[in-house]
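The values are calculated or read from the model by the stated rules, or taken from the named source; none is laboratory data. It should be emphasised that the depicted structure is a prediction, and the values quoted were computed from it without experimental measurement. Every residue, glycine among them, receives a Cβ derived from its backbone with ideal geometry; neighbour counts consider all protein chains shown.
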Amino acid sequence: MLIRPASDADDDALWSLLEPVFRAGDTYAIDPGISREAAIRYWTGAPRRVFLAMEPGAPPVGTYYIQPNQGGGGAHVCNCGYVTGPAARGKGVARAMLAHSLDVARNAGFAAMQFNFVVETNTRAIATWRAAGFDVVGRLPGAFRHPEAGEVDALVMYMRL
């Protein structure tokens, strides 16, 4: 799998990945009615670095961003967001993007990675992050309104690099 930095020329590809995930409203705390332009701005806004995952010669199947989790005294911890295209789920795309993001984070000098809001019904992501060594360090009771399950918890997950 090739994972490369995204550019402005990739906005259509990014939207094709983000739209079904944001519209579903079951994993990201994003308004499901978000516009294309607002979604692209959200995903690519500074200081985020954005990457696309793809098989050579094929359209992107996933994207992720990496950024400092906080400023100042918290800038040594990074945060990432990941989206796998619906047709590519269960094929190792998230694992590949996670491995890539961990390398990017280490090379950028981050000391840890933190996921601030992992919806507890996103069991595939939680299993992937746990298998990579992330711990659940916090639970936000009822913090996410899932479109089918109602109020569910959000997890804070963390790993020292």
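Given the structure, is Met113 more than 23 Å from Ser16 (Cβ to Cβ), at pLDDT 95 or above and surrounded by 21 or more Cβ atoms within 10 Å (Cβ to Cβ)? Don't jump to the end; show me each part of the working.
Values: more than 23 Å from Ser16 (Cβ to Cβ): yes; at pLDDT 95 or above: yes; surrounded by 21 or more Cβ atoms within 10 Å (Cβ to Cβ): yes.
Considered against the rule, which asks whether it is more than 23 Å from Ser16 (Cβ to Cβ), at pLDDT 95 or above and surrounded by 21 or more Cβ atoms within 10 Å (Cβ to Cβ), Met113 comes out as yes.
Mind counting the residues in the range 132-161 that are among the β-branched types (Val, Ile, Thr) and either in contact with a helix residue (DSSP H, G or I) (Cβ under 9 Å, 6 or more places away or on another chain) or free of Cβ contacts under 8 Å to residues at least 12 places away in the same chain (or both)? Before the answer, list the steps.
From the range 132-161, those among the β-branched types (Val, Ile, Thr) are 136-137, 152, 156; that's our starting set.
Of the ones still in play, those that are also either in contact with a helix residue (DSSP H, G or I) (Cβ under 9 Å, 6 or more places away or on another chain) or free of Cβ contacts under 8 Å to residues at least 12 places away in the same chain (or both) are 136.
Of the residues in the range 132-161, 1 are among the β-branched types (Val, Ile, Thr) and either in contact with a helix residue (DSSP H, G or I) (Cβ under 9 Å, 6 or more places away or on another chain) or free of Cβ contacts under 8 Å to residues at least 12 places away in the same chain (or both).
Check whether at least one residue in the range 73-86 is among the polar types (S, T, N, Q), crowded, with 19+ Cβ neighbours inside 10 Å, in contact with a Gly (Cβ under 6 Å, 6 or more places away or on another chain) and under 24 Å from Ala143 (Cα atoms), and report yes or no. Walk me through how you get there before you give the answer.
Taking the range 73-86 as the starting set, the residues that turn out to be among the polar types (S, T, N, Q) are 79, 84.
Restricting the remaining residues to those that are crowded, with 19+ Cβ neighbours inside 10 Å gives 79, 84.
Now drop any that are not in contact with a Gly (Cβ under 6 Å, 6 or more places away or on another chain), which leaves 84.
Next cut, under 24 Å from Ala143 (Cα atoms) only: 84.
Yes: one or more hits.
Where the second residue is assigned to a loop (DSSP other than H, G, I, E, B) and the first is surrounded by 13 or more Cβ atoms within 10 Å (Cβ to Cβ) and lies in the range 34-47, which pairs have Cβ atoms under 8 Å and are six or more apart or on separate chains?
Pairs found: Ala39/Ile30; Tyr42/Ile30; Tyr42/Ile34; Thr44/Ala6.
Could you list, ordered by first residue, the pairs with Cβ atoms under 6 Å in which the first is in the range 7-28 and more than 19 Å from Pro59 (Cα to Cα) and modelled with pLDDT under 95 and the second is surrounded by fewer than 16 Cβ atoms within 10 Å (Cβ to Cβ) and of a type in the set (Ser, Thr, Tyr), at least 6 apart or interchain?
Filtered contacts from the range 7-28: no entries.
Where residues in the range 25-57 are hydrophobic (A, V, I, L, M, F, W, C) and more than 15 Å from the chain's Cα centre (by Cα), which of them is farthest from Pro86 (Cα to Cα)?
The residue in question is Ala46.
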